[in-house]
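For reference, the structure is listed below as structure tokens.
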Amino acid sequence: MSAQCEVTAKQAAGSPMGLFERYLTVWVGFCIVTGIAFGHWFPQPFQAIGQMEVAQVNLPVAVLIWLMIIPMLLKVDFGALHQVREHWRGIGVTLFINWAVKPFSMALLGWIFIRGVFEDYLPADQLDSYIAGLILLAAAPCTAMVFVWSRLSDGDANFTLTQVALNDTIMIFAFAPIVGLLLGLSAITVPWDTLFLSVVLYIVLPVLFAQWWRRRLLGQGGAVALQQRLDQLHPLSLVALLATLVLLFGFQGEQILSQPLVIVMLAVPILIQVYFNSGLAYLLNRQFGVAHCVAAPSALIGASNFFELAVAAAIVLFGFNSGAALATVVGVLVEVPVMLSVVRIVNATRDWYEGRTVLNEARK
């Protein structure tokens with residue numbers, strides 16, 4: 001393993017879960033209340049912000065999304081891709097879940113619950129938009145928080161680093177086609193030009209910029225310089241996330257007040273898909289005799305979402321007031337508590353998992 005990959009892997013293994021991340025649901029709840037209140041009392045500033053667009057891109061939100069995404073992408077080391085062969089079974093399972101199961105299972109759950117179970121209780125003009133938001137949420141695997149989940153489950157940091165780098169590479173090419181396919185199958189109009197624009201703005205350009213910046217920092221001061229810059233950017237990234245959520249709920253406030261159970265109903269398919277995909281990944285890894293230190297982060301990466309990208313794409317494609325934007329924000333709301341519960345499950349079942357793994361190795 002290269003020195004650069006080793007440094008990044010150690011950073012990933014030692015990344016603590018900060019106060020903000022641990023209580024992300026509380027902060028999102030605070031943003032819900034603040035955004036709804038500000039949107040109700042001060043609608044003019046929100047309307048002015050909503051009109052600040054160029055080529056269907058809201059400029060304030062674009063800046064906020066970049067401030068959220070760039071620090072996360074700075075942690076990604078694409079030099080780790082050469083390690084794929086070391087954990088090929090775990091990586092194969094994770095890729096299968098992330099790209100062949102999760103987006104499609106979420107679309108199916110969206111159809112079942114939004115177009116089925118909850119249809120009579122949701123605004124008729126937002127049904128397609130809700131499904132679109134769920135699809136966007138599931139179409140991109142998580143980039144940053146998985147390092148935290150991996151550490152909490154005693155996961156192999158090198159596997160996590162390699163898997164994240166590989167997923168980010170695939171995302172550049174697969175995000176738009178998968179989203180376009182599933183939106184089309186859902187009979188939702190696909191604005192292809194806007195979809196590709198969102199990929200360029202919020203995946204391609206941030207990845208290129210972050211990797212250029214990462215190499216420059218490592219060249220100037222090594223891992224210390226990189227970590228110092230990440231520490232400096234972290235508070236700014238958190239403020240950008242909170243500001244984006246306040247804006248979204250400012251625009252969504254009246255809709256939420258008129259139907260407060262919308263958030264609960266949107267959370268149902270999200271929760272089901274997280275447990276389904278993490279469980280499937282965990283069981284497949286066990287069946288293939290993968291070590292628990294790889295299977296645990298594999299299950300967690302297979303279930304978590306790159307919600308920052310989903311929020312950005314939903315705003316670009318459907319607007320602040322859309323059900324799609326609201327659905328992606330519900331994903332932010334449930335991300336931490338549900339993923340922490342998955343961490344507890346994989347940790348609690350380690351003896352059961354390794355008993356089967358040891359048996360498989362003995363048979364070989």
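Couple of notes before you dig in:
- Among the candidates Ile170, Ile131, the residue that is touching a Gly at 6+ places or on another chain (Cβ under 6 Å) and touching a residue at least 12 places away in the same chain (Cβ under 8 Å) is uniquely Ile131.
- Restricting attention to segment 204-234, the residues being without any contact (Cβ under 8 Å) to a residue 60 or more places away in the chain and in contact with a Phe, Trp or Tyr (Cβ under 9 Å, 6 or more places away or on another chain) number 1.
- For segment 251-364, the helices (runs of 4 or more DSSP H) that sit wholly inside it and include 1 or more residues that are surrounded by fewer than 16 Cβ atoms within 10 Å (Cβ to Cβ) are 262-287, 323-348, 350-363.
- Where Ser150 falls short, out of the listed (1) closer than 17 Å to Ala295 by Cβ; (2) not in a helix (DSSP H, G or I): (2)
- Residue match in segment 186-200 (condition: within 24 Å of Ile301 (Cβ to Cβ) and of a type in the set (Phe, Trp, Tyr)): no
- So Gly110, is it in contact (Cβ under 8 Å) with a residue 12 or more places away in the chain, out of contact with any Lys or Arg (no Cβ under 8 Å at 6 or more places or on another chain) and within 26 Å of Ile256 (Cβ to Cβ): yes
- Scanning segment 64-106 for residues that are more than 29 Å from Val239 (Cβ to Cβ) and among the basic types (Lys, Arg) gives Arg85, Arg89, Lys102.
- Hey, Ala187 under 22 Å from Ala107 (Cα atoms), hydrophobic (A, V, I, L, M, F, W, C) and touching a Phe, Trp or Tyr at 6+ places or on another chain (Cβ under 8 Å) or not: no
- Residue check for Val316: of a type outside the set (Phe, Trp, Tyr) and at pLDDT 85 or above: no
Yes or no, residue by residue, for (1) surrounded by fewer than 17 Cβ atoms within 10 Å (Cβ to Cβ); (2) over 22 Å from Ala327 (Cα atoms); (3) at pLDDT 80 or above:
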| position | (1), (2), (3) |
| --- | --- |
| Thr34 | yes, no, yes |
| Phe42 | yes, yes, yes |
| Gly50 | no, no, no |
| Asn58 | no, no, no |
| Leu74 | no, yes, yes |
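- Phe196 being more than 13 Å from Ala139 (Cα to Cα) and out of contact with any strand residue (DSSP E or B) (no Cβ under 6 Å at 6 or more places or on another chain): yes
- Of Leu217, Leu230, Leu183, all but one fail to be under 21 Å from the mean Cα position of the chain (by Cα), part of a helix (DSSP H, G or I), aliphatic (A, V, I, L, M) and surrounded by fewer than 21 Cβ atoms within 10 Å (Cβ to Cβ); the exception is Leu230.
The values are calculated or read from the model by the stated rules, or taken from the named source; none is laboratory data. A quick note: this is a predicted structure, and the numbers were derived from the prediction, not measured. For neighbour counting, all protein chains shown are included, and Cβ atoms are generated from backbone atoms with ideal geometry for every residue, glycine included.
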